[in-house]
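The values are calculated or read from the model by the stated rules, or taken from the named source; none is laboratory data. Treat the numbers as computed from the prediction; the structure is a model and nothing was measured. Cβ placement follows ideal geometry from the backbone for every residue including glycine, while neighbour counts extend to all protein chains displayed. The area values use the complete protein model at the heavy-atom level, side chains included, leaving out ligands, DNA and RNA. Shrake-Rupley method; radii C 1.70, N 1.55, O 1.52, S 1.80 Å.
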Amino acid sequence: MLNTPETLNSQPIIAAQQLGKAVQTSEGTLHILSSVDLSIKHGETIAIVGESGSGKSTLLGLLAGLDLPTSGRVLINDIDLNQLNEDGRAALRNQAIGFVFQSFQLLPSLTALENVMLPLELAGDRQAESAAKNLLQRVGLGHRLNHTPKQLSGGEQQRVALARAFVTRPAILFADEPTGNLDSKTGASIIDLLFELNHEQHTTLILVTHDAHLAARCQRTIALEAGHLL
């Protein structure tokens, strides 16, 4: 496990070393990220901020092992993601990482309960249903268990997404503009819930946001400009 007592104090939970990402375009090489060095401690809350196109979501994807860098490397508790194949990175994510996206990313054919149960079922957890029900109750959706995403409001869908992200008790949670599709009042309630759950589970939280108020609630803010860490 990534969050055993032996590992909590021995090294950062995430380390990026000289991280770079470049893509080839018709006009030549486009450098999205350049020489990013970053160390994140277990239990920290981190906001990644910057203008559109600054490389925020790219950095988040690399830190989570959703993509591989062109140069440099990412280590999660001293595990070099570059040394893992796609299945190995997927297994690591299933074990230790949760995600919350701007667009919710719920499966439309599944109910709220089934969406939250899914990551536990994939992990072979026989208590998936009871754990999912408990967390949906915790986020205020105990009366919506059998509703599909199209029957839920945007705020309710994001609550389901939060429950799904936290139900596996991940060591690390990545959130990419978690309130981007919500009105300000609903977004504020979602953020309150996000930080409450994060505090309860002692998760390392890394979020991408344009919202200065949201960033201010994190322990540390990381600013990107044109792919460079400021």
In the range 182-202, the residues that are touching a helix residue (DSSP H, G or I) at 6+ places or on another chain (Cβ under 6 Å) and outside any helix (DSSP H, G or I): Leu182
Sort out which residues of the range 129-152 are free of Cβ contacts under 8 Å to residues at least 12 places away in the same chain and open to solvent by less than 60 Å² (accessible area, probe 1.4 Å), and write them in order of number. Ser130, Gly142
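Restricting the search to the range 153-196, which residues are of a type in the set (Asp, Glu), at pLDDT below 95 and crowded, with 17+ Cβ neighbours inside 10 Å?
From the range 153-196, those of a type in the set (Asp, Glu) are 156, 176-177, 183, 192, 196; that's our starting set.
Checking the rest, the ones that are also at pLDDT below 95 come to 176-177, 183, 192, 196.
Correct list: Asp176, Glu177.
Does Ser10 satisfy the criteria of being at pLDDT 95 or above and either open to solvent by less than 40 Å² (accessible area, probe 1.4 Å) or of a type outside the set (Asp, Glu) (or both)? Even if it seems obvious, please write down each step before you answer.
On the way: at pLDDT 95 or above: no; either open to solvent by less than 40 Å² (accessible area, probe 1.4 Å) or of a type outside the set (Asp, Glu) (or both): yes.
Spelling it out, it is not the case that Ser10 is at pLDDT 95 or above and either open to solvent by less than 40 Å² (accessible area, probe 1.4 Å) or of a type outside the set (Asp, Glu) (or both).
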Enumeration of residues in the range 100-128 that are under 15 Å from the mean Cα position of the chain (by Cα), under 13 Å from Val160 (Cβ atoms) and surrounded by 16 or more Cβ atoms within 10 Å (Cβ to Cβ): Val100, Phe101, Phe104, Leu106, Pro119
Tell me whether the range 66-85 contains one or more residues that are surrounded by fewer than 15 Cβ atoms within 10 Å (Cβ to Cβ), part of a strand (DSSP E or B), on the phi > 0 side of the Ramachandran plot and not polar (S, T, N, Q). no
Criterion first (in contact (Cβ under 8 Å) with a residue 24 or more places away in the chain, under 30 Å from Ile40 (Cα atoms) and not in a loop (DSSP other than H, G, I, E, B)) does Phe174 satisfy it? yes
